[in-house]
Every structure is written in C-alpha cells, then in structure tokens.
Amino acid sequence: MKTALVVDDDSSVRQVVSQMLASLGFTVLTANHGLNAVNLFQEQREHIDLVMTDLRMPVMDGYQAVALIRAAKPSVRIICMSSYMAEDCPAGALFLEKPFTLQSVQDCVRQALSD
C-alpha cells in the first residue's frame, strides 16, 4: 500500500484530500503547515511515496517544504494544490488546481506516480 502526506493549513481540505486518497488505496499522513510536514517526512521518508501540499501556508510555505522534502528524498512525487496559477508550482511538481474533484485527484495522482 502506498503512503501519501497531505499538507494544508485548512483542516477541511486536509480531511477531504485524505478521504479521497484513502478511497484510492493510500495510507494517509497529514500536516497543517510546511514545518510539520518536513518533520513528519524526515521521520517517515522511507514510507512516503507522494506529497500533496498547499503552496501558501503559515509557519513554512509549500515552496520551502518542497525544497526540504526533495533534499531528503529526491525521488518523492509531489503534487502542489493551489487556487493560484500552475506557473507558481515548483519545477518538477505537478499542479492540481483547487477546487478539485475525486476524478481530478485520481488523474493527477496516477500521473505523478507513473512519471
């Protein structure tokens, strides 16, 4: 079973994305901002296959978190969730525009894991 880390400061988004990923067969870990995500990733890096993160969060934003997570495990797949533009997404990460559907999440996850 694959494991995903969902990072968003909005608890309802974390919950919905977690439920979507669980329905797709993932074990899901969550964090409410980038610093918590980086710490959790450091502890669980060998188990985490996918990170889905918001870009704009307090404490540590998604950009900083992605850089630190990639430094720890360059092969991890990353999807950035945002209501902003795809161009804001860090290089090498997939972009998932908010709001999204289960189908768009499924398609994006499938693409991330097949690359």
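The values are calculated or read from the model by the stated rules, or taken from the named source; none is laboratory data. No experiment lies behind these values; they were computed from the predicted model shown. Cβ placement follows ideal geometry from the backbone for every residue including glycine, while neighbour counts extend to all protein chains displayed. Heavy atoms of the whole protein, side chains included, go into the accessibility calculation; ligands, DNA and RNA do not. Shrake-Rupley method; radii C 1.70, N 1.55, O 1.52, S 1.80 Å.
Below, the figures for the structure above:
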quantity	calculated
Residue with peak Gaussian network fluctuation, the chain [Cα springs, cutoff 10 Å], from Ala71, Ala91, Ala31	Ala91
Surface share of carbon and sulfur [accessible, 1.4 angstrom probe, percent] for the chain	51
Charge tally in the Cβ shell below 15 Å around Ile48, where Lys, Arg are +1 and Asp, Glu are -1, Ile48 excluded	+2
Surface accessible to a 1.4 Å probe, per residue, for the residues of the chain, Å²	50
Residue-by-residue Karplus 3J(HN,Hα) for region 35-52, coefficients 6.51, -1.76, 1.60, Hz, glycine and proline x	5, 4, 5, 4, 4, 5, 4, 4, 6, 10, 3, 6, 9, 8, 9, 8, 10, 10
Cα shape, region 36-115, gyration tensor, a/c 1.5 rule	oblate
Karplus-derived 3J(HN,Hα), 6.51/-1.76/1.60, for each residue of region 106-113, Hz, glycine and proline x	4, 4, 5, 4, 4, 5, 4, 7
Only Lys, Arg (+1) and Asp, Glu (-1) charged, at Cβ; the chain dipole about Cα centre in debye	260
Mean separation of Cα contacts under 8 Å (6+ apart) over length of region 8-61, as relative contact order %	41
The chain: relative contact order as a whole-number percent, Cα under 8 Å and 6+ apart	22
Value of [θ]222 nm, deg cm²/dmol, for the chain, DSSP H segments ≥ 4, -39500 (n - 2.57) each, nearest 500	-13000 deg cm²/dmol
With DNA, RNA and ligands ignored, accessible area of Thr27 (1.4 Å probe; Å², nearest 10)	60
Gyration tensor (alpha-carbon) shape descriptor, region 71-111, a/c threshold 1.5	oblate
